[in-house]
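Right, one structure below, let's go through it.
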Amino acid sequence: MKAIRTRLSVIIASVLILLSSCATSQVQSADYSDLANWAYYGEGEGKSVDLFIICPTVDLGKNGNFNMRLDDAKTKESFVGALNMERGIYEDYTVMYAPFYRQITFPLYLVSEEESWPYIEIAYGDVEDAFMYYLENLNDGRPFILAGFSQGAQLALMLLENHFADTALSDNLVAAYCIGWRVTEDDLASYPHLKMAEGEDDTGVIVSFNTEAEDATGSIIVPEGVRTIGINPLNWRTDSTFADKSLNEGACFTDYSGSIVSEVEHLTGGYLDPERGTLKAVDIIPSDYSNSLFPDGVYHLYDYQFFFRNLQQNVGKRVEAFFSE
């Protein structure tokens, strides 16, 4: 843990120096009429619902860049790979669309929002442009799911805040899966048209949770002292009722091709922390899921994977509920 904190401190210091001394080199924003600027473009046939999905952070900023370059072929391969790791949750029910965009790089999550905001605006501007192109040229009035993980969830939430007060749009929303990013009471107060999921089959709602160990007190996703609002993907409750691991239909660990490398039934149970609002996972050993980006006990990278089958089934239930209304 000490080594991780030291490493993060070095990264933060380096980013602050760079932010104060230079601007990010940018390529021109994307033309979304060009299929080359889409990671997924109409993938899947014969489905009655579309998916607009936003990729999580894959660019670690090792070149000192603050936004991913759209001409970075190697990082774009990782971009598609990260999407593929999630696609199995949605692909049985949807025609899939996912834009390439100039996402912010990981080090910017280690500085203040004020310092990172100009670069977040670049990322959001691309996603918004792509979403508007999708609505105007591809959607044709079809119902759709909005989805994202981590940075993808952050940007999906911004789309919801800025555009979904329009009922002509929100009425076609099956659900927004904004997993791995915080949604706060301030967000809901500022944008009263946002609706959080309250059960397993309500529609037009935000499905969100952030997974961590019972003794975790903060992360860069849900900082200490911040309360997020979520739902438990095991029992689909919004209170702190405990869900036994027997309710976990399958944790699926996927690779960049989207293939399931391993699957574990009943991996973990969990409950929503009444103070933090985070999803506390039990029955697992934090060190078994160590990674270089987050401290042990912050299970951010596994939000989708720990609850893969439950989420997969839930997408089907919400689609069915949408068409039965």
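A short reminder: the numbers here are calculations on the coordinates, not readings from a lab. Predicted, not measured: the structure shown is a model, and the values here were computed from it. All Cβ positions, even for glycine, are placed from backbone atoms using ideal geometry, and neighbour counts span all protein chains on display.
What are the GluC sites (Glu not before Pro) within segment 30-118 that DSSP puts in a loop, where the Cβ has at most 10 other Cβ atoms within 10 Å? Could you put the intermediate results ahead of the total?
Details: sites: GLU43, GLU45, GLU77, GLU86, GLU91, GLU113, GLU114, GLU115; in loops: GLU45, GLU91.
Qualifying residues, ordered by number: GLU45.
May I ask for the distance between the Cα centers of segment 44-72 and segment 251-300, given as a whole number of Å?
Segment 44-72 and segment 251-300 have Cα centres separated by 22 Å.
Mind giving me the FRET efficiency for TRP117 and SER48? R0 is 35 Å, r the Cβ-Cβ distance, nearest 0.05 is fine.
0.35
Tell me, in nm to one decimal, what length is gained between THR241 and GLN28 on full extension, where the rule is 0.36 nm per residue of separation less the Cα-Cα distance?
Net length gain for the segment: 71.8 nm.
If you project the alpha carbons of the chain onto the principal axes, what extent comes out on each, in Å, largest first?
56, 47, 41
Multiply the residue separation of GLU265 and SER170 by 0.36 nm, subtract the distance between their alpha-carbon atoms, and state the gained length in nm to one decimal.
Once the chain is fully extended between GLU265 and SER170, it gains 30.7 nm.
Given labels modelled 7 Å from the Cα in the Cβ direction, how far is it in nm from TYR41 to GLU320?
My value for the distance between the label points is 3.5 nm.
In segment 224-266, what GluC sites (Glu not before Pro) fall in a loop by DSSP, with at most 14 other Cβ atoms inside 10 Å?
GLU224, GLU265
Antiparallel versus total DSSP beta bridges in segment 34-324: what percent is that, nearest 5?
Of all bridge pairs located within segment 34-324, approximately 40 percent are antiparallel.
Set Lys and Arg Cβ to +1 and Asp and Glu Cβ to -1, take the dipole of segment 231-284 about its Cα centre, and tell me which of GLY258, GLY277, ALA243 lies farthest positive.
GLY277
With +1 on each Lys and Arg Cβ and -1 on each Asp and Glu Cβ, how big is the dipole of the chain about its Cα centre, in debye rounded to the nearest 20?
840
Is segment 130-229 rounded, prolate or oblate when judged by the Cα gyration tensor, a ≥ b ≥ c being the square roots of its eigenvalues, rounded requiring a/c under 1.5 and prolate requiring a/b larger than b/c?
Prolate.
Nearest 5 percent is fine: what portion of the DSSP beta bridges confined to segment 177-325 is antiparallel?
70
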